[in-house]
């Protein structure tokens, strides 16, 4: 779960690994503060997302060292289907990272298997607000992943 959260917030492989370590450290430091009023999984996800948001804010203040399209080059050639799957995965990752934080957090928590009511509790939101944000996130992701006729590449 923590690795997926980190990859949703950081495209660069080295920065993503650094973020994963930062998240693990933040979770470790926050564990004594867990009061037990929510499931441990919720607590850990909340800490991880908060740390990732802090990371994004810190990185936004710094200039990018490497363009996003060069951030994760392929190490080895793969068959055509694997390339298509990787392309879709990359596009999904870029689309998720492009979501505003208010939409990204509920979307990622949904992908982690949390119910809207659980997400509302973790983020301190009304369940209806979470549902609205999820609907908006899905629409934005659908638009980003489904090319319009002018964007389609013809053989």
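Restricting to the range 11-39, name every residue that is under 16 Å from the mean Cα position of the chain (by Cα) and modelled with pLDDT under 85.
11, 12 - these are the residues of the range 11-39 that are under 16 Å from the mean Cα position of the chain (by Cα) and modelled with pLDDT under 85.
Which members of the range 88-140 meet the condition of being free of Cβ contacts under 8 Å to residues at least 60 places away in the same chain and in a loop (DSSP other than H, G, I, E, B)?
Scanning the range 88-140 gives 99, 100, 113, 115, 124, 125, 126.
Considering only the range 16-26, I want to know if a residue exists there that is surrounded by fewer than 19 Cβ atoms within 10 Å (Cβ to Cβ) and closer than 19 Å to residue 119 by Cβ.
no
The values are calculated or read from the model by the stated rules, or taken from the named source; none is laboratory data. The model shown is predicted, which means the values in this text are computed figures rather than measured ones. Note that each Cβ is placed from the backbone with ideal geometry, even for glycine, and that neighbours are counted across all protein chains shown.
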